[in-house]
Amino acid sequence: MADKPEKIINPNISLFSVAPMMDWTDRHCRYFHRALTRHARLYTEMVTAEAVLHGNRERLLGFDPVEHPLALQLGGSDPAKLADAAEIGAIWGYDEINLNVGCPSDRVQGGNFGACLMADPCLVARCIEAMRRAVAVPVTVKCRIGIDDQDTEADFQRFIDTVAGAGCTTFIVHARKAWLAGLSPKENREVPPLDYDRVHRLKDARPDLQIIINGGIATIAQARAHLGHVDGVMLGRAAYQTPWLLADVDRAIAGDDTAPSLCRSAVLETMATYADAHIEAGGRLNNIARHVLGLFHGEPGGRLFRRYISEHATGPRAGDPTAPPSGDVLREAARLVAETQAAMQQRRDLAGVD
Ligand SMILES: Cc1cc2nc3c(=O)[nH]c(=O)nc-3n(C[C@H](O)[C@H](O)[C@H](O)COP(=O)(O)O)c2cc1C
């Protein structure tokens, strides 16, 4: 029997990444996530090729250099337009260009891109070919394990083989199929069952490809377990809703023993300073504050933290109705949590409980 080919480690992919999420992973969110982890690869929200070509590029593509490693996710199905958009992304400094072949929304299907492209692997291959010719950075694909009635393992493998034939070596696979008719995008992230084994088997069948698994992974322990089968893990909702888990990525996933140990209040101070600069430049606190609401999720004072920020991040500044709310809202929220936790500790001490 022939030896199994060596697993090829591509330095351009990350063991851990935060998923592209529309309306969530904007530049402010990514700045926050980067304050929690140096090694996780971050992804933009999906930006259509048309928008890159004709829209406000600073607004759509602008990012802070600390966000690296950073991937731009594109939506589209016209090889020439995708190639031009990819080239612009590479010029802006993105480390990877990713093609969305997983989004099931009606709007995206109307534009003939996203998950419906899984039905046309040859078109995806042409897109990848054109994008690869246009840029030197890796061009990757994010897809599902199937769509509608094209959901057998053979369909999936044909898709992967065809697109890999165009030179794509990294696939991020959301381990559930998408139902394009009848389910909303939200339902399509919850209803079709997860099939991790199919993604693991893909890695076994194609050890030459970098396979990153996505979908329903909620903890660092689960992420580590997948890394025994595939090259990387991508977390979406868990990373956004319970962002503190990102603070373990550098040591527990990337194996970086030099990673500083973080505390939530220091991260929040980083975000308060960032928010002050954003407001100074004409932005609004809530553009940033909405992303940090989960920082104390599950911790004593976590609900108070969320409520305080939600109530104070919009509207006039307390004590000065003529000024917009500033990063001080985040500082005050952190102070309230610390006060709550200290009071709880005091009660425990008085009761003689550890
Ligand atoms: C609010 C939201 C927006 C999303 N937007 C995108 C997107 O722009 N592009 C994309 O490929 N996937 C998008 N997704 C899907 C995620 O990238 C991910 O594949 C999915 O949530 C499953 O991973 P999870 O279970 O870790 O969240 C989005 C998911 C959410 C929750």
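The values are calculated or read from the model by the stated rules, or taken from the named source; none is laboratory data. Predicted model, so just to flag it, every value in this text is computed and none were measured. Neighbour counts run over all protein chains shown; Cβ positions are idealised from the backbone, glycine included.
For the stretch 182-212, the candidate set comprises residues that are free of Cβ contacts under 8 Å to residues at least 60 places away in the same chain and near the ligand (Cβ under 10 Å from one of its atoms); within that set, the residue that is nearest to R158 (Cα to Cα) is L194. In the stretch 42-57, the residues that are under 16 Å from H28 (Cα atoms) form Cβ pairs under 6 Å with partners that are of a type in the set (D, E) and more than 12 Å from the ligand (Cβ to nearest atom), at six or more places apart or across chains, as follows: L42/E67. If we scan the stretch 284-304, do we find a residue that is touching a Gly at 6+ places or on another chain (Cβ under 8 Å) and assigned to a helix (DSSP H, G or I)? Looking through the stretch 284-304, at least one residue is touching a Gly at 6+ places or on another chain (Cβ under 8 Å) and assigned to a helix (DSSP H, G or I). Please work out if L293 is of a type outside the set (V, I, T) and within 21 Å of D26 (Cβ to Cβ). Answer is yes for this residue. The residues listed here are M131, M118; of these, the one that is touching a helix residue (DSSP H, G or I) at 6+ places or on another chain (Cβ under 7 Å), farther than 20 Å from A90 by Cβ and either part of a strand (DSSP E or B) or in contact (Cβ under 8 Å) with a residue 40 or more places away in the chain (or both) is M118. Given (1) of a type outside the set (A, V, I, L, M); (2) within 16 Å of the ligand (Cβ to nearest atom); (3) in contact (Cβ under 8 Å) with a residue 12 or more places away in the chain, where does R34 come up short, assuming only one miss? Every condition holds for R34 apart from (2). Can we say H278 is within 16 Å of the ligand (Cβ to nearest atom), at pLDDT 95 or above and in contact with a helix residue (DSSP H, G or I) (Cβ under 7 Å, 6 or more places away or on another chain)? No, not satisfied. Can we say V108 is out of contact with any Asp or Glu (no Cβ under 7 Å at 6 or more places or on another chain), within 13 Å of the ligand (Cβ to nearest atom) and within 26 Å of K186 (Cα to Cα)? Spelling it out, V108 is indeed out of contact with any Asp or Glu (no Cβ under 7 Å at 6 or more places or on another chain), within 13 Å of the ligand (Cβ to nearest atom) and within 26 Å of K186 (Cα to Cα). I'd like to know if the stretch 46-61 contains one or more residues that are crowded, with 17+ Cβ neighbours inside 10 Å, small (G, A, S) and farther than 29 Å from G111 by Cβ. Checked the stretch 46-61: no residue is crowded, with 17+ Cβ neighbours inside 10 Å, small (G, A, S) and farther than 29 Å from G111 by Cβ. For the stretch 104-115, the set of residues classified as outside any helix (DSSP H, G or I) and within 21 Å of the chain's Cα centre (by Cα) consists of P104, S105, F113, listed by residue number.
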